[in-house]
Amino acid sequence: MNDKGSYKPLTYFQLMEVSLRELLVEKGVLTAAQIDEAVEDMRRRTPERGAQVVARAWTDAAFKQRLLADAPGACESLGIDVPKLRLVVVENTPEVHNAVVCTLCSCYPRMLLGIPPDWYKSRNYRSRMVREPRAVLAEFGLNVPEKVQIRVHDSTADMRYMVLPMRPQGTEGWSEERLASIVNRNSMIGVAVPKGPND
Amino acid sequence: MQPQFVTDYPALAPRFEVGERVRVRKAAPLGHIRTPFYIRGHEGTIERLCGSFPNPEELAQMRDGLPAQPLYRVRFRQKDVWPDYRGADSDVLEIEIFQHWLEKA
């Protein structure tokens with residue numbers, strides 16, 4: 001057989017994960033089913049949850065007000081469980097553009113956006129986003145006018161941040177579902193803005 | 001104190017008010033520090049109180065981190081932090097900083 005397939009030996013961390021997982025099961029600390037369930041639960045958390053929250057805020061002024069004042073409570077009312085007091089939603093306006101980074105590690109609102117993209121954890125993004133945010137945003141294709149204030153949130157401790165983007169023009173009368181479909185992950189981190197039919 | 005900041009563990013009373021000017025202590029202790037190095041020694045304004053949380057520097061040493069430290073979001077002008085900052089004068093950075101890292105400016 002010449003075809004060796006895609007087999008590769010386990011990396012150091014993969015081997016550590018397998019060893020730890022098997023030991024926990026063997027010692028009766030966790031069952032294999034509990035581990036599968038925890039992994040599935042992580043997979044179920046995707047940016048669609050965040051998009052659902054944004055679309056509701058765009059269509060329901062009272063919900064938006066609550067989201068900005070008490071994000072965990074507002075999410076709970078949509079059936080999304082967020083640890084109390086640990087989520088802050090920041091609103092983009094014609095005067096202010098918000099963006100989120102964690103310079104110390106990779107703190108991220110996983111409850112609403114799932115697993116962070118690799119670039120979010122890169123040294124390049126983490127070190128430059130607080131130092132030259134306008135240059136970094138331009139690399140993402142987002143040129144923020146000088147008259148708009150850029151507010152960078154360095155997520156260094158117990159809070160997690162999500163950006164509430166502005167609703168694009170031309171989306172008047174759209175259903176929540178249709179609105180949610182134009183809200184992508186990057187726009188909730190603040191490195192992009194949702195595109196409407198006129199953009 | 002506002003009800004949402006009440007904790008079921010002992011916490012220190014907040015010493016700073018929203019809008020107050022503060023300076024981040026310029027110190028370099030060893031250990032697990034959640035105050036970014038680049039902001040130490042800089043002045044900013046209290047944007048909001050986030051609540052009180054066990055001190056992460058103590059948690060990292062397997063201690064309980066109590067009494068909990070009030071945690072603030074502090075707003076800094078980019079041009080105060082980076083003298084050669086390229087961007088609008090109004091651009092800001094907001095960072096969570098625990099009370100024991102702050103002093104009156």
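Taking only segment B:50-64 into account, find how many residues are under 19 Å from residue B:6 (Cβ atoms) and surrounded by fewer than 17 Cβ atoms within 10 Å (Cβ to Cβ).
1
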When (1) farther than 23 Å from residue B:81 by Cβ; (2) assigned to a loop (DSSP other than H, G, I, E, B); (3) more than 12 Å from chain B (Cβ to nearest Cβ) are applied to residue A:83, the one that fails is (3)
In this structure, does residue A:30 turn out to be surrounded by 12 or more Cβ atoms within 10 Å (Cβ to Cβ), in a loop (DSSP other than H, G, I, E, B) and free of Cβ contacts under 8 Å to residues at least 24 places away in the same chain?
yes
Checking residue B:37 against (1) surrounded by fewer than 20 Cβ atoms within 10 Å (Cβ to Cβ); (2) touching a Gly at 6+ places or on another chain (Cβ under 9 Å); (3) closer than 22 Å to residue A:161 by Cβ; (4) among the hydrophobic types (A, V, I, L, M, F, W, C): exactly one of these is not met. Which one?
(2)
Scanning for something in a strand (DSSP E or B) and under 17 Å from residue A:154 (Cβ atoms), does segment B:3-21 turn up at least one residue?
no
Can you list the helices (runs of 4 or more DSSP H) found entirely within segment A:120-199 that contain at least 1 residues being away from chain B (no Cβ under 12 Å) and small (Gly, Ala, Ser)?
A:176-180, A:185-189
Identify, please: which residue in segment B:24-34 is among the aliphatic types (A, V, I, L, M) and over 18 Å from residue B:78 (Cα atoms) and is, among those, surrounded by the fewest Cβ atoms within 10 Å (Cβ to Cβ)?
B:30
The lone condition residue A:64 fails out of (1) in contact with a helix residue (DSSP H, G or I) (Cβ under 7 Å, 6 or more places away or on another chain); (2) within 14 Å of chain B (Cβ to nearest Cβ); (3) in contact (Cβ under 8 Å) with a residue 12 or more places away in the chain is (2)
Within 10 Å of the chain's Cα centre (by Cα) and either more than 30 Å from residue A:138 (Cα to Cα) or within 10 Å of another protein chain (Cβ to nearest Cβ) (or both), is that true of residue B:30?
no
Within segment B:46-58, which residues are more than 11 Å from every other protein chain (Cβ to nearest Cβ) and within 15 Å of residue B:9 (Cβ to Cβ)?
B:58
Going through (1) in contact with a Ser or Thr (Cβ under 9 Å, 6 or more places away or on another chain); (2) not small (Gly, Ala, Ser); (3) not assigned by TED's automatic domain parsing to the domain that holds residue A:164 one by one, residue A:54 fails only at (3)
Looking only at residues in segment A:86-99 that are out of contact with any His (no Cβ under 9 Å at 6 or more places or on another chain) and within 12 Å of chain B (Cβ to nearest Cβ), which one is farthest from residue A:46 (Cα to Cα)?
A:95
Would you check which residues across segment A:103-119 are part of a loop (DSSP other than H, G, I, E, B), of a type outside the set (Val, Ile, Thr) and either buried (at least 23 other Cβ atoms within 10 Å of the Cβ) or over 12 Å from the mean Cα position of the chain (by Cα) (or both) and list them?
A:104, A:105, A:109
I'd like the residue in segment B:71-105 that is within 29 Å of residue B:6 (Cα to Cα), within 9 Å of chain A (Cβ to nearest Cβ) and surrounded by 20 or more Cβ atoms within 10 Å (Cβ to Cβ) and, out of all such residues, is farthest from the chain's Cα centre (by Cα).
B:93
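The values are calculated or read from the model by the stated rules, or taken from the named source; none is laboratory data. Because the structure is predicted, anything quoted here is derived from the model rather than measured. Using ideal geometry, Cβ is built from the backbone for each residue, glycine included, and neighbour counts are taken over all protein chains shown.
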